[in-house]
Amino acid sequence: MRPGEVSAAPAAGGGAPRGEHAPLAAPPSARRWAGPAAAAVAAIALAWGGWQLRPSLQDGQGTTRGPLGAALFAEGADAPLQLLGPRALPQTATVAAAVAAPASMANAQPPGTGGRSLTPKRADSAARPAQPLQAASPEAAAAACQRFLKRLPTIDAATCAATRLADSGAASVQGTPLYWRDVGPPATPPASARAGGAAEPLRVLVVGAMHGDELTSAALALRWVTLAERQVGDASSTLPMHWRFIPILNPDGLLARQPTRVNARGVDLNRNFPTPNWERDAPIYWEKRTRRDPRRWPGPEPLSEPESRFLYDQMEQFAPDLVVSIHAPYGVLDYDGPVPPPSRLGRLRLDQLGIFPGSLGHYGSVRQGMPVVTIELQHELRMPEEEQVRQMWRDLLRWMGTHLARDGTGRTAS
């Protein structure tokens, strides 16, 4: 039985769970005091739980919301969680019901996490060099691209084939391959890097289309593959880089007849990561804040989905110094992490939206201690103009050079 589950459903008519004896009736005097006593205990537990979980910079909940974040919080539809449920209160039937799938998902049986620990300890990334993966041939990439071309704004067959996407060996719920592309440092570092001491390349993981209906997020990730190749191959560059791109994390959602935010099992992948107290907070958030919105169902347990497990594994194995997660359509720049955030990328201005149970930003920053830059493009179907695509890239590199670049000893600038 997973944490947060009840052992058995109550029998019809409110009786004891099947296989248990009904409790003895309390005497009238005890019943007279039971209500006030329970209310007092609940009030104390609520105050204690709220005090324990008050927003703080240490637990990642102390981010300052800008105008959009404040508006989201005010309307409550998908507002960041600020006061989580009290730790001391016993689970109620209402909370237990929140972990159940929507009606359309009632028969889904997502696999578990295979016994893996959900409390990873991030090793020093400088001590874990990652070898670049082999790119696919243009012909193999062109065949892979045929699946997605009709859904990718501004991406034609030649542009997609040039990315040389390779099959990662992992697959979605419906068996669609999850493609990736590594753009690694040159075999011979530039002369400037050799002269100043060989610094370990910064590792950056770029993720697109976590939500299948945000088509521009996949297109931007693909466009940036070409820019990464130019940056890594630039002999004058003083910033050694190793990029890993996962342009389409949710291919089933992207390829659905009507593209969907959720994956094929109806799970919002960006609420399925093992953030602290997920078993308690994610169901409460989904039921109370989103009003059981099926587009934001966090799933039955953390990492219940093959797509979120794949990204989780990449964060463990690749050990990125930075994660860039591309979304749409809020038109802002969000950030979670231990170093100062970028103030803007192109036209996108910083507007920190807060944290959400199970989100990648919350998991990466709080659990892994790594910066997560979330790009919210202005439109999910219409790409920004070419100059903005490049300006966002230049601003990202400039910020990385200031706050993440390592010297020859492996120390970062911030």
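The values are calculated or read from the model by the stated rules, or taken from the named source; none is laboratory data. If you're wondering where the values come from, they're calculated on a predicted model, not measured in any experiment. Ideal geometry is used to build each Cβ from the backbone, glycine not excepted, and the neighbour counts take in all protein chains shown. Accessible surface areas use protein heavy atoms only, side chains included; no ligands, DNA or RNA. Shrake-Rupley method; radii C 1.70, N 1.55, O 1.52, S 1.80 Å.
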Problem set entry | Pairs with Cβ under 7 Å, 6+ apart, first in region 150-165 and over 23 Å from residue 256 (Cα atoms) and open to solvent by less than 20 Å² (accessible area, probe 1.4 Å), second at pLDDT below 95 and outside any loop (DSSP other than H, G, I, E, B) | 163/141
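Is it the case that some residue within region 212-225 is among the β-branched types (Val, Ile, Thr) and open to solvent by less than 10 Å² (accessible area, probe 1.4 Å)? Before you say what the answer is, go through the steps one by one.
From region 212-225, those among the β-branched types (Val, Ile, Thr) are 216, 225; that's our starting set.
Those still in the list that are open to solvent by less than 10 Å² (accessible area, probe 1.4 Å) too: 216, 225.
Within region 212-225, one or more residues are among the β-branched types (Val, Ile, Thr) and open to solvent by less than 10 Å² (accessible area, probe 1.4 Å).
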For this session: Pull up region 321-341, narrow it to residues that are of a type in the set (Gly, Ala, Ser) and closer than 20 Å to residue 398 by Cβ, then point me to the one that is surrounded by the fewest Cβ atoms within 10 Å (Cβ to Cβ).
Result: 337
For this session: Please list, ordered by first then second residue, the pairs with beta carbon atoms under 8 Å, 6 or more apart or interchain, first in region 218-247 and free of Cβ contacts under 8 Å to residues at least 60 places away in the same chain and farther than 22 Å from residue 317 by Cβ, second surrounded by 20 or more Cβ atoms within 10 Å (Cβ to Cβ) and among the β-branched types (Val, Ile, Thr).
Result: 229/183
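In the list 349, 398, which residue meets the criterion of being assigned to a strand (DSSP E or B) and over 20 Å from the mean Cα position of the chain (by Cα)?
Every option except 349 fails the conditions.
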Exercise. Of 298, 294, which residue is modelled with pLDDT of 95 or more, over 23 Å from residue 373 (Cβ atoms) and out of contact with any His (no Cβ under 7 Å at 6 or more places or on another chain)?
Worked result: 294
Exercise. Of all the residues that make up region 355-387, how many are surrounded by 17 or more Cβ atoms within 10 Å (Cβ to Cβ) and more than 17 Å from residue 214 (Cβ to Cβ)?
Worked result: 12
Exercise. Considering region 342-354 alone, what residues qualify as being open to solvent by less than 20 Å² (accessible area, probe 1.4 Å) and not acidic (Asp, Glu)?
Worked result: 342, 345, 346, 348, 353, 354
Seminar exercise, completed: Scanning region 272-282 for residues that are open to solvent by less than 20 Å² (accessible area, probe 1.4 Å) and either closer than 20 Å to residue 209 by Cα or assigned to a loop (DSSP other than H, G, I, E, B) (or both) gives 272, 273, 274, 275
Exercise. Restricting region 132-160 to residues that are closer than 25 Å to residue 241 by Cα and within 24 Å of the chain's Cα centre (by Cα), which is modelled with the highest pLDDT?
Worked result: 133
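Considering each residue of region 284-322, count those that are acidic (Asp, Glu) and assigned to a helix (DSSP H, G or I), and give that number.
Keep residues of region 284-322 that are acidic (Asp, Glu), which gives 287, 293, 301, 305, 307, 313, 316, 321.
In the following step, the residues that additionally are assigned to a helix (DSSP H, G or I) were identified as 287, 307, 313, 316.
Within region 284-322, residues that are acidic (Asp, Glu) and assigned to a helix (DSSP H, G or I) number 4.
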For this session: Read through the list (1) modelled with pLDDT of 95 or more; (2) assigned to a loop (DSSP other than H, G, I, E, B); (3) within 16 Å of the chain's Cα centre (by Cα), then give the number of the only condition that residue 325 fails.
Result: (2)
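Of the residues 257, 265, only one is free of Cβ contacts under 8 Å to residues at least 12 places away in the same chain and either among the basic types (Lys, Arg) or over 28 Å from residue 392 (Cβ atoms) (or both); which? Spell out how you get there, then give the answer.
Working: 265 fails: free of Cβ contacts under 8 Å to residues at least 12 places away in the same chain.
It is 257.
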Exercise. Any idea which residue in region 245-271 is nearest to residue 165 (Cα to Cα), counting only those that are surrounded by 23 or more Cβ atoms within 10 Å (Cβ to Cβ), in contact with a Phe, Trp or Tyr (Cβ under 9 Å, 6 or more places away or on another chain) and not hydrophobic (A, V, I, L, M, F, W, C)?
Worked result: 247
